[in-house]
Amino acid sequence: MSNLFSGINARLRGATAKHADKDKDSKPPASPTTKDGFLASPISVKKSKSSSNLVVSTKLPPLPTSPSLSQTISLSATGEEILASYRLPKPYPLWLNANYAKHIVKGNFMTLSARPKVVEQGEWIAHQVVEHWRNLWNFIQVVYAKEQDGKSICNINTCPKMSAGPNHSYTWLNSRYEPIELPAHEYMQLMQRWISGKIDDQKLFPTDPQTVSYAPNPSIANTTLLTGGDEWIGKRSGFPKDFASICQTIFLQMFRVYAHLYWAHFVDPFYHLNLEKQLNSCFCHFILTATTLDMLKPSALEPMQPLIDLWAANGTFPPDSKAYEYANLKAGNRLLQLAGLA
Amino acid sequence: MIMDNFEFAPAPPQRCPEAYGPRANNNQKRCFQLAQAFFKDGVRRARERNERQLDLERRLEDPAVGPRREQLWKLGGMSEAKYLRFLRTKEELSNYIPIKTIGKGYFGEVKLVRKKQDGKVYALKRLAKTEMVSHEQLPRVRAERDALAESDSEWVVKLYTTFQDSTSLYLLMEYLPGGDLMALLIKYQIFSEDITRFYAAEMIMAIEAIHNLGFIHRDIKPDNILIDREGHVKLADFGLSKGFSKSHDHSYYRELLQKPAPPNNKPANRNSVNLDEIALTVSNRAQINEWRRSRRLMAYSAVGTPDYIAPELFTGQGYSFEIDWWSLGAIIYECLVGWPPFASDNSYDTYRKIVNWRQTFFFPDDVYLHPNAAHLIRSLICDASSRLGSRGGAAEIKAHPFFAGVDFNSLRRIEAPFRPHLESDEDTSCFPVDELPQGEGFSNGPTNTNGTNGHQATASNFQEEEVTPEMCLPFIGYTFKRFEKTFM
């Protein structure tokens, strides 16, 4: 991928130019973990054992967004030009055809993502991580499970690399922190093991009812909760300091799998198995949640940007959602037009 | 019709699910249903959560709340958080310490257990998956789960959560230490009219509560009328409940009737009582009790007792809510007379008598019933179309002279006639525990899922599911977790 296009994308979404990187999409958004014996970490942080230079600190920074910038640029570029900048294969994949981007549910997806006012942020993030992981796992099973003859739908021949279309492939870090390429099904296996390990870790995702907390209510005067400088998401509910950054990594990993499922398996098998609407709804809910909770940076969304544009344009994303903010309406409207729906 | 469009890759002309293997197709079904269930449950929970939030905000506005506002908000937040953690918790058998077996049926058993996390005691019902599948009981267990999950009534036993492992389904319910009406009948043989009125009135409330949810119980009998620690009634065992969902329908009684009379289906190891041969009189009550105990054993068979079931369920003419009122009539009869109206020494004869109730139903000569009581029973044990309750529902029955003076709305606040004497929270003295095999853990199943810490469990599942997909699929959507006010 040329820097030009990723640069445009980054600017369109208001990301800083720093994030536009070279051919392999191997951005370092979160800290790797080192304890697993085999392949150590899902995130390709090149030769970096610390997380010091990473974007995510213990306190979640506001993600770089700049809707006004995005809008100014949109004013000058046509939907066609923006779509062209995505360097999508032609003809466009079926899942970008609005007639196939439909859902099994109607109504506002945000009702499922929005944090209830009384619930502490860390608790809500933990809840969402687990729910989305359970959803995604069912789709992974379809392509991953081996038939009697030992073959799975996603295998080394169909998907020799963990990729999301021609422009994006993902690497895994081995125990020496070297990024290595893996067949998609192996990548998904390691990723699954890594995520399950995190979710099942009681220190990271506590389920003890005794340690719960709540979100302060600013309108109730006496509520004083700030304990000083050393605050982090989930601290009051007993979540560890690195909780938020680990959740960001989990969301990023889940995003990568969704992106692979769309780019490599939307038709084979999901369309054939009548699961494309289910996939759309779960992914749509996933994107809305991840962006609302600042768990995915706009720059990470790149491989799925056109679908996000489409869902913003056709009203699937509510206008007050972050996902809508990150979308390019012109590109989405152009896709609708091409599908004969605008 | 979707137009072909050269801008996008064309959709295949036809979907070809058959091009994929059985494994993929099974996973498809699971994925399909779980996605559906996820959004359905998610929306329901979000709606309920919003209602709780609105309720909390209303309470905060009350000026009388004053300085307690912060506390209210805090408790609200913490109970939501506890629920979220509960949803996140992987339920498995090893989370519970078994104490005693308190009930047994053909498809499983009920154990008193203590939950390790909160130290509280619960009743944990286990149903064997293989048995459920081979006897086509899935609609029944699904019905039970749905009825209990949707109910939030003080008249219905509370279901806290459901979970499953490779061999079993589990329902975690509140433990009602008072045993059941059957045990009371065994103990006291007959009830006075006042006591009968109390239980009948409470049963009406309970049946009304499930009817209001759209469920027909279909299997109301003294074993399913549970007694709580105060001595009040709660309805349980919804295996036969019929919701309006088609999947709960079952024609299994009709099939049973078409079979020839069984040569001998008397419970093994029991001296059977040939009720047809002995005259049922007051002096034979001891034998009736013997029969009752043997009927307890019958609960362990796949068929169960038909004694309280209305004729229209057998004859296949269709039925509705009023079948539960027939059962109520049969139980009132048993409370006052000492045995159910169609008692026989085998199920086949009971079926026959029920279907021919016009010829076979009678009050014994030597039992005195007040005319109001007899009239009530006759108004319930009768043709469905003229049965009390068939038009006006529970209100019709409550208005019967037998219940004159009963304040139905304050029933649960009055002192119950029999209050269990309990020594501890694990007291099982009201249950026939001596008659039940008491083993460590659950019998015929995995005693626990030992050695599987969560991480390994999910990781290995991912590589090879030890659960065959056929066993798994029908149980999708079975899992349920209730929001509990006691999270506070």
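The values are calculated or read from the model by the stated rules, or taken from the named source; none is laboratory data. These numbers were taken from a predicted model, which means no experiment stands behind them. So basically every Cβ, Gly included, is an ideal-geometry build from the backbone, and we count neighbours across all protein chains shown. Only protein heavy atoms, including side chains, enter the accessible area calculation; ligands, DNA and RNA are left aside. Shrake-Rupley method; radii C 1.70, N 1.55, O 1.52, S 1.80 Å.
Summary table
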read-out: Matching residues, the range B:23-44, being within 7 Å of chain A (Cβ to nearest Cβ) and in contact with an Asp or Glu (Cβ under 9 Å, 6 or more places away or on another chain); value: B:Arg23, B:Ala24, B:Phe38, B:Gly42
read-out: Out of B:Arg15, B:Arg47, sole residue that is more than 7 Å from chain A (Cβ to nearest Cβ) and either under 21 Å from B:Gly76 (Cβ atoms) or part of a loop (DSSP other than H, G, I, E, B) (or both); value: B:Arg47
read-out: Selection within the range B:53-71 - surrounded by fewer than 18 Cβ atoms within 10 Å (Cβ to Cβ), touching a residue at least 12 places away in the same chain (Cβ under 8 Å) and at the interface with chain A (Cβ under 9 Å from one of its Cβ atoms); value: B:Gln53, B:Leu60
read-out: Scope the range A:110-144; condition open to solvent by 10 Å² or more (accessible area, probe 1.4 Å), facing chain B (nearest Cβ under 7 Å) and not in a helix (DSSP H, G or I); matching residues; value: A:Pro116, A:Lys117, A:Glu120
read-out: Scan of the range A:323-342 for residues that are surrounded by fewer than 23 Cβ atoms within 10 Å (Cβ to Cβ) and touching a Ser or Thr at 6+ places or on another chain (Cβ under 8 Å), ordered by number; value: A:Glu325, A:Leu329, A:Lys330
read-out: B:Gly389 assigned to a loop (DSSP other than H, G, I, E, B) and out of contact with any Phe, Trp or Tyr (no Cβ under 6 Å at 6 or more places or on another chain); value: no
read-out: Long-range neighbours under 6 Å by Cβ, at least six apart or interchain, first residue hydrophobic (A, V, I, L, M, F, W, C) within the range B:10-21, second surrounded by 12 or more Cβ atoms within 10 Å (Cβ to Cβ); value: B:Ala11/A:Leu94; B:Cys16/A:His272
read-out: Qualifying positions in the range A:155-192 - within 14 Å of another protein chain (Cβ to nearest Cβ), open to solvent by 40 Å² or more (accessible area, probe 1.4 Å) and without any contact (Cβ under 8 Å) to a residue 60 or more places away in the chain; value: A:Glu186, A:Gln189
read-out: Test result for A:Ala264, of a type in the set (Gly, Ala, Ser) and open to solvent by 10 Å² or more (accessible area, probe 1.4 Å); value: yes
read-out: Single condition B:Ser327 does not satisfy, out of (1) within 12 Å of B:Ile220 (Cβ to Cβ); (2) among the small types (Gly, Ala, Ser); (3) in contact with a helix residue (DSSP H, G or I) (Cβ under 7 Å, 6 or more places away or on another chain); value: (3)
read-out: Lone unmet requirement of (1) open to solvent by less than 40 Å² (accessible area, probe 1.4 Å); (2) at pLDDT below 90; (3) facing chain A (nearest Cβ under 7 Å) for B:Ala9; value: (2)
read-out: Out of B:Lys82, B:Lys100, B:Lys74, sole residue that is open to solvent by 40 Å² or more (accessible area, probe 1.4 Å) and either hydroxyl-bearing (Ser, Thr, Tyr) or not assigned by TED's automatic domain parsing to the domain that holds B:Gln438 (or both); value: B:Lys74
read-out: Sole exception among (1) open to solvent by 30 Å² or more (accessible area, probe 1.4 Å); (2) modelled with pLDDT of 90 or more for B:Asp118, by number; value: (2)
read-out: Where a residue in the range B:85-107 is within 11 Å of chain A (Cβ to nearest Cβ) and its partner, wherever it lies, is of a type in the set (Phe, Trp, Tyr) and open to solvent by 30 Å² or more (accessible area, probe 1.4 Å), with Cβ under 8 Å and at least six apart; value: B:Phe86/B:Phe487
read-out: Odd one out for B:Lys129, checked against (1) within 14 Å of chain A (Cβ to nearest Cβ); (2) touching a helix residue (DSSP H, G or I) at 6+ places or on another chain (Cβ under 6 Å); (3) surrounded by 16 or more Cβ atoms within 10 Å (Cβ to Cβ); value: (1)
